[in-house]
Amino acid sequence: MAKPSYFYGIHAVQSILQHRGIDGLTLFIQDGKKQDDATVANITELAQTYGIAIQISAKDKLTKLAESPQHQGVVLQARPAELQDEADLKYLVDKHQAERKPLLLLVLDQITDPNNLGACLRTAVAMGVSAVIIPKNHSSSITPAVAKVAVGAVELIPFIQVTNLARTLTDIKKQGVFVFGTALDDTAKPVQDCDLTGDVAIVMGSEGDGIRRLTADTCDQLVYIPMPGNEHGQIQSLNVSVATGMVLYEASRQRAKK
């Protein structure tokens, strides 16, 4: 069993307590935090429901526990959520297809920055993504910092870690999922010219290295985001969380229209 971690931030802590409060161990509330604050009161009530110990602590202690000053006055010691794997992904794809629900998967390759991963997860939930997939290596995992940036989104979407990303993409292709990869390549098409309405997976890479060559070779089609204001090449690439939001919005727009 994974070692308990100290999760922090109002939304992250509240979401953990709402969706898997049984994993909570101790709730730390900053001394002087307004107890009549509706959000803090809700967090306290949820913790009491699950029999979680509550401690009133100094701000400095919370900063030390969270390893960040951005705790917003609440820190929750809790067991990390169990991550899903390749078998769970296969079941998810089969289930969506059996229920005739269009599948939208977000695949994140080499996203090592917790802030970027958290922002991508937050966007994924907002845009109706079915699950987020990352490789076990060359990627950030679900840390308290990721949960803070994601403002509760971590608890709202299946998060799947796979051993071999290229093999996983090959497997879901066999299940009928069309895989798009974002890359600046001669064969890439503008993302708005592609049909994103069916069972699709969208692969995003880091702004530094992009998706790995083996990952790109496994994709059915490479796409790029046209940037009309960048005709002189001043901007080489977008931040991955920004690019993810743009691509997922296009997918969401097409699906809503269809």
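Provide a single number: the residues in the stretch 91-103 that are farther than 14 Å from ILE157 by Cα and outside any helix (DSSP H, G or I).
Result for the stretch 91-103: 4.
When ASP88 is evaluated against the numbered criteria (1) outside any loop (DSSP other than H, G, I, E, B); (2) closer than 30 Å to ASN164 by Cα; (3) in contact with a Ser or Thr (Cβ under 9 Å, 6 or more places away or on another chain), which criterion, by number, is the only one it fails?
(3)
Return the pairs, sorted by first residue and then second, in which the second residue is part of a helix (DSSP H, G or I) and open to solvent by 30 Å² or more (accessible area, probe 1.4 Å), the first residue lies in the stretch 180-197 and is farther than 12 Å from VAL247 by Cα, the beta carbons are less than 6 Å apart, and the residues are 6+ apart or on different chains.
THR197/ARG255
Give all pairs with beta carbons closer than 9 Å in which a residue from the stretch 89-108 that is open to solvent by less than 80 Å² (accessible area, probe 1.4 Å) meets a residue that is in a strand (DSSP E or B) and among the polar types (S, T, N, Q); count only pairs at least 6 apart in sequence or on separate chains.
Note: pairs meeting the criteria are LEU92/GLN84; LEU108/SER206.
Which residues, counting only those in the stretch 142-164, are in contact (Cβ under 8 Å) with a residue 40 or more places away in the chain, open to solvent by 10 Å² or more (accessible area, probe 1.4 Å) and part of a helix (DSSP H, G or I)?
PRO144, ALA145, LYS148, VAL154, GLU155, LEU156
Being in contact with an Asp or Glu (Cβ under 6 Å, 6 or more places away or on another chain), within 30 Å of VAL162 (Cα to Cα) and among the small types (Gly, Ala, Ser) is the requirement here; does ALA66 meet it?
no
Give ILE172, ILE211 a once-over and let me know the one that is in contact with a helix residue (DSSP H, G or I) (Cβ under 7 Å, 6 or more places away or on another chain), hydrophobic (A, V, I, L, M, F, W, C) and either under 30 Å from ALA12 (Cβ atoms) or open to solvent by 20 Å² or more (accessible area, probe 1.4 Å) (or both).
Only one candidate qualifies: ILE172.
Residue by residue through the stretch 109-137, note down the ones that are of a type in the set (A, V, I, L, M, F, W, C) and open to solvent by 20 Å² or more (accessible area, probe 1.4 Å).
Matches in the stretch 109-137: ALA119, VAL125, ALA126, MET127.
The values are calculated or read from the model by the stated rules, or taken from the named source; none is laboratory data. Keep in mind that this is a model prediction, so the values were computed, not measured. Cβ atoms come from the backbone with ideal geometry, glycine included; neighbour counts cover every protein chain shown. With ligands, DNA and RNA removed, areas are computed over all heavy atoms of the protein, side chains included. Shrake-Rupley method; radii C 1.70, N 1.55, O 1.52, S 1.80 Å.
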